[in-house]
Amino acid sequence: MAEFGFNEHHQNEAINYMRFARSKRAIRLKTIDSCFEDLKDSRLVDETFTVDEVRDMLDGLQLVVRGEVETELINTAHTNVLLLRQLFSQAEKFYLRLQTDISELENRELLEQVAEFEKTEFKNPNKTNQQISKPKLSPLNEGGVSELLNKEISRLQEEKDKLKGRLRTLETQAMGALDEKTKAERALKNLQKVQGEQKEITSLEDTVAALQEDYQKSLSVNAASQRDLQDNLVSAKHDLLRVQEQLALAEKELDRKFQQTSAYRNMKEILTKKNEQIKDIRKRLSKYESDE
């Protein structure tokens, strides 16, 4: 059976199936033979028969034989479907998708080869009676299936490695984004602090303006009241200067922190390059003007 592409395991399976089919066929043939024997025993008791009697016996025998043959054909078709179901179920466990070619079932050359194989295999009665051990479902080692499984495993491994690399890249990007977010939050807090101090300065300025207005109104008051107002005004100015100094320090600190950010460094680098380009252009223009 090498011409069918069968290995030893496939050949044993084919022999098992043909043994099963031969036993079913033998049983059905015996049933048909018994139909004829029953007809002989029950109807062929007279020496002469009329044409109608012969026709009646043949019609009855035809119905019986037709029923037996039809039953056998139906049972064979259903048996083949169950066999295909087993093959497909086993193939799906190894992620294989089998396909059948119905046209090959009527290939006379292949059918003759199968008949010759059956004749050879079952020619020896002793060989026919030998029991072939029932195969167990085990991992297939044929080159085609093994190669497909190895390719699938390799593809999945490569995809797994790619996903791991992408995950590491995303983790790095996430950590960088988290650092930038932390820096931005700190800068925002400092800005809010500066804005709060700015509001405080504005409030103090309003207070100073109110004091000055009161001072202008109280010029006509006695000297003691004027000294008190003057002291309050000086104190307010001192507070204003102190807050302004704190604001200047906060602005310097905010400017220093902003200069440490990547955006400032990028901007500074761009400005440096632009300045160098402008200097180079100026040198070229000066050289050109001197040549002129």
> Tell me, what is the percent relative contact order of the chain, built from C-alpha pairs under 8 Å that lie six or more residues apart?
Replying inline: 13
> Which percent of the accessible heavy-atom area of the stretch 182-257 goes to carbon and sulfur, probe 1.4 angstrom?
Replying inline: 51
> Along the charge dipole of the chain, which of Thr272, Phe94, Ala14 sits closest to the positive end, that is, farthest toward it, with unit charges on the beta carbon of Lys, Arg, Asp and Glu (+1, +1, -1, -1)?
Replying inline: Thr272
> What does the accessible area of Val51 come to, in Å² to the nearest 10, when a probe of 1.4 Å is used?
Replying inline: 100
>> Checking the table Lys93/Lys162; Lys193/Lys237; Lys183/Lys268; Lys217/Lys237 against a 24 Å threshold on Cα-Cα, which pairs fail?
In response: Lys93/Lys162
> Given the protein chains as shown and a 1.4 Å probe, how many square angstrom of Val234 are accessible, to the nearest 10?
Replying inline: 60
>> Between the stretch 94-108 and the stretch 255-292, what is the separation of their alpha carbon centroids in Å?
In response: 76
> By the scheme Lys and Arg +1, Asp and Glu -1, what is the net charge of all other residues having a beta-carbon under 12 Å from that of Gln230?
Replying inline: -1
> How high is the FRET efficiency from Leu249 to Ser154, r the C-beta distance, R0 51 Å, rounded to 0.05?
Replying inline: 0.20
> Which loop GluC sites (Glu not before Pro) in the stretch 42-124, with loop taken from DSSP, have no more than 16 other Cβ atoms within 10 angstrom of their Cβ?
Replying inline: Glu47
> Relative to the Cα centre, what is the charge dipole magnitude of the chain, using +1 at the beta carbon of each Lys and Arg, -1 at the beta carbon of each Asp and Glu, and rounding to the nearest 20 debye?
Replying inline: 2060
> Restricting attention to the stretch 11-97, which trypsin sites (Lys or Arg not before Pro) occupy a DSSP loop and are surrounded by at most 10 other Cβ atoms within 10 Å?
Replying inline: Arg97
>> Given a 10 angstrom Cα cut-off, can you work out which residue in Leu163, Leu111, Leu149 is the most mobile in a GNM of the chain?
In response: Leu111
> Which residue, chosen from Thr182, Ala209, Ala250, occupies the Cα position most advanced towards the positive end of the dipole of the stretch 182-257, where the dipole is computed from +1 (Lys, Arg) and -1 (Asp, Glu) charges on Cβ about the Cα centre?
Replying inline: Thr182
> What is the extension gain from Lys189 to Tyr264, computed as 0.36 nm multiplied by their sequence separation minus the C-alpha to C-alpha distance, in nm to one decimal?
Replying inline: 25.2 nm
> Heavy-atom accessible area of His238 with all protein chains present, probe 1.4 Å, nearest 10 Å²?
Replying inline: 110
> How much FRET efficiency would the formula 1/(1 + (r/R0)^6) give for Ser34 and Glu118, where r is the Cβ-Cβ distance and R0 is 25 Å, rounded to 0.05?
Replying inline: 0.50
> Quick one: accessible area per residue over the chain, 1.4 Å probe, rounded to a whole number of Å²?
Replying inline: 83
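The values are calculated or read from the model by the stated rules, or taken from the named source; none is laboratory data. Source: prediction; values computed, not measured. Virtual Cβ from ideal backbone geometry, glycine too; neighbours counted across all protein chains shown. Note: accessible area is taken over every heavy atom of the protein model, side chains too, but ligands, DNA and RNA are not part of it. Shrake-Rupley method; radii C 1.70, N 1.55, O 1.52, S 1.80 Å.
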